[in-house]
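All of the numbers you see were taken from the coordinates with simple rules; none came from a lab. Model, not experiment: these values are computed from the prediction. Cβ placement follows ideal geometry from the backbone for every residue including glycine, while neighbour counts extend to all protein chains displayed.
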Amino acid sequence: MDLFMPVFIAAAVIFGLVKRVPIFEAFSTGAKEGINTLLSIAPTMVGLIVAVNMLKASGAIGMLCGWITPVAEQLGFPSEIVPMVLLRPVSGGGATALLTGIYSDCGPDSFAGEVASVLAGSTETTFYAIAVYYGSINVRKIRHTLIAALSADFTAAVMAVLTVRFLLN
C-alpha cells in the first residue's frame, strides 16, 4: 500500500510521455488553476469559519437545542442527536466531535449511537459544500439550493431515526 502513490504518479508520467503531453507544463498549468481557485473561495471559507465559531461561542446552538429537544423527543428522536442534527450542515468537524461524544456517553450500539452513525454517513456539510462549490464559480444566488439541501438534511435525520428503529432494533 505504501507504493500506491509512487506507482500511480509514475504511471501518470509514463502515460503522459506516451501521449506526448508536455508533463511539466500541464502540471504547472494545473497548479496555477488550483491556486486561483483557492484564492477565489478563500473569502467565503473565512466567512463560514467565523460564522461557525460565532455560533459556538455565543451559545446559539445550545439555545436552539434547548427549544428543539422537547419537540424532538416527542417525535421519537433521541435528545442526544439534536445538537448533531443542527451542527452537521455547518461543521463536519464539530459534528464528528459530537458523534464521538455520543459514542462515549451512550455507547456506539445504543439507539442514539446508531442513529448518530447513520446520520453522520447520510448527511452533508451543506454550508461548506455550497461555500466551496458555488464560491469557486462565483454563484451568489443560493436560495433554492440551500432550501433543497437543508430539506435533504432534515429528511436524512428523520430517515436515520426510522431506519435504526425499524431495521436495527
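At-a-glance table
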item: Integer Hz, Karplus 6.51/-1.76/1.60 couplings in order for segment 73-83, x for Gly and Pro; result: 5, 5, 8, x, 7, x, 4, 5, 8, 4, x
item: Largest-first principal axis extents, alpha carbons of the chain, Å; result: 65, 38, 28
item: Selection of trypsin sites (Lys or Arg not before Pro), segment 104-154, meeting DSSP coil and at most 13 other Cβ within 10 Å; result: ARG140, LYS141
item: Rel. contact order, % - alpha carbon contacts under 8 angstrom, at least six apart, the chain; result: 22
item: Phi to ³J(HN,Hα) by Karplus 6.51 cos²θ - 1.76 cosθ + 1.60 over segment 26-31, Hz, x for Gly, Pro; result: 5, 4, 4, 4, x, 5
item: Hits among aspartates and glutamates - C-alpha to C-alpha of LYS32 under 20 Å, sequence gap 8 or more where chains match; result: none
item: Between segment 36-100 and segment 143-169, the alpha-carbon center distance in angstrom; result: 16
